[in-house]
Amino acid sequence: MQAILERLMADANAPNGPGKCPEIEVRYEPDAGQIAPKSRLLTLDLLDGRTAACRVAKQLVTEIETDLGGAEHISAMERQMAQHGAVLGAIAQDLEAKYLQGQRIDLVSLCTVLNAQRRAFDAIGYRRRQRDVTPSLESFLTKKELK
């Protein structure tokens with residue numbers, strides 16, 4: 001332990017070591033009346049869906065959630081994996097379409113995207129899950145009263 005501390009001290013005292021680096025001060029000074037910019041996270045839900053890629057991704061998310069038994073029956077983790085798989089699917093479709101049009105594509109990128117998509121789907125499974133469509137006792141009795 002002592003040897004490690006001695007080495008760190010020697011490195012700190014070296015002519016170009018961390019102890020000799022000038023400190024850099026970074027400040028954001030907005031103009032008078034301006035508010036500092038905020039980081040805003042985008043989500044698929046916030047996109048307006050005008051691009052074909054966005055429409056494809058959203059459609060794939062819906063189809064995957066349906067296969068998993070419906071959006072109301074999946075966990076947050078499954079929802080995330082479905083979204084990741086859908087976005088990767090949209091990217092893969094784009095690359096495949098470009099290839100079929102005769103354009104050159106990076107096949108390593110396509111294989112990487114497909115492998116990542118497969119891993120996302122491995123996490124949630126490939127089997128379709130049936131939804132329970134049996135009416136509740138309350139809805140059954142309500143229907144019975146209406147007749």
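General observations
- Listed here are the helices (runs of 4 or more DSSP H) enclosed by the stretch 1-100 that have at least 3 residues being at pLDDT 90 or above: 52-67, 76-100.
- Any pair with Cβ under 7 angstrom, 6 or more apart, that starts in the stretch 62-73 at a residue that is closer than 14 Å to G125 by Cα and ends at one that is in a helix (DSSP H, G or I) and of a type in the set (D, E): L68/E78
The values are calculated or read from the model by the stated rules, or taken from the named source; none is laboratory data. Since we're looking at a predicted model, the values are computed, not measured. Glycine gets a Cβ as well: all are built from the backbone with ideal geometry, and neighbour counts include every protein chain shown.
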